[in-house]
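Colleague: Here it is: the structure, laid out below.
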């Protein structure tokens, strides 16, 4: 007779099964997900007793202002002097560490770039006014996220479907043999 499984081994087995179930869930969702436009929601019941199993829905996110052309936006924002800053980067770090402070200002490279908050400010202005604040910004509606949400009482319905042979515990549908 073998020893009972250690709880750590049981936890590892459950973690592996969880990974497999998650992968299968994503595969099955891919077979029907395209049929769910943003905001669509359906409730499902088990075929045996009509118990609520849960719902499937796709969220309907609001559009948001997004940078869609970074170069175009940067070019536009650089036209305004208050939007750029000059910083220095070390061109040759090994040499600069030894002599930069006193003897080698030539090792500094001058770079002009947008101030880090300018893009966030342009997006905030777009959101506040309802108009793109600059070229390269557009109002984009992201796709909704497909959600499969079991009902809190779905366990009873699932157990009954397993007992009736409609589905396996790992979620695989049972093949129903056709009578000839």
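Colleague: Taking the stretch 38-63 only, how many residues are in contact with a strand residue (DSSP E or B) (Cβ under 8 Å, 6 or more places away or on another chain) and either free of Cβ contacts under 8 Å to residues at least 60 places away in the same chain or surrounded by 13 or more Cβ atoms within 10 Å (Cβ to Cβ) (or both)? It would help to see each step written out before you state the result.
Modeller: First pass over the stretch 38-63, keeping only residues in contact with a strand residue (DSSP E or B) (Cβ under 8 Å, 6 or more places away or on another chain): 38-46, 51-59, 63.
Then keep just the ones that are either free of Cβ contacts under 8 Å to residues at least 60 places away in the same chain or surrounded by 13 or more Cβ atoms within 10 Å (Cβ to Cβ) (or both); that gives 38, 40-46, 51-59.
So the answer is 17.
Colleague: Looking at 148, 140, 109 in this structure, which one is in contact with a strand residue (DSSP E or B) (Cβ under 7 Å, 6 or more places away or on another chain), modelled with pLDDT of 85 or more and surrounded by fewer than 13 Cβ atoms within 10 Å (Cβ to Cβ)?
Modeller: Working: 148 fails: surrounded by fewer than 13 Cβ atoms within 10 Å (Cβ to Cβ); 109 fails: modelled with pLDDT of 85 or more.
When all the criteria are applied, what remains is 140.
Colleague: Looking at (1) in a strand (DSSP E or B); (2) free of Cβ contacts under 8 Å to residues at least 24 places away in the same chain; (3) in the same structural domain as residue 31 (by TED's automatic domain parsing), which is the only condition residue 155 fails?
Modeller: Here residue 155 clears every test but (1).
Colleague: Got a sec? Which strands (runs of 3 or more DSSP E) wholly within the stretch 81-141 have at least 1 residues that are in contact with a helix residue (DSSP H, G or I) (Cβ under 9 Å, 6 or more places away or on another chain) and under 18 Å from residue 65 (Cβ atoms)? Outline the logic, then answer.
Modeller: Numbers: elements: 84-90, 108-114, 137-140.
Here the list reads 108-114, 137-140.
Colleague: Would it be correct to say that residue 4 is in contact (Cβ under 8 Å) with a residue 40 or more places away in the chain and within 30 Å of residue 171 (Cα to Cα)? Show your work before the answer.
Modeller: On the way: in contact (Cβ under 8 Å) with a residue 40 or more places away in the chain: no; within 30 Å of residue 171 (Cα to Cα): yes.
Spelling it out, it is not the case that residue 4 is in contact (Cβ under 8 Å) with a residue 40 or more places away in the chain and within 30 Å of residue 171 (Cα to Cα).
The values are calculated or read from the model by the stated rules, or taken from the named source; none is laboratory data. Small disclaimer: the values here were computed from a predicted structure and weren't measured. Positions of Cβ are generated from backbone atoms using ideal geometry, with glycine treated the same way; all protein chains shown enter the neighbour counts.
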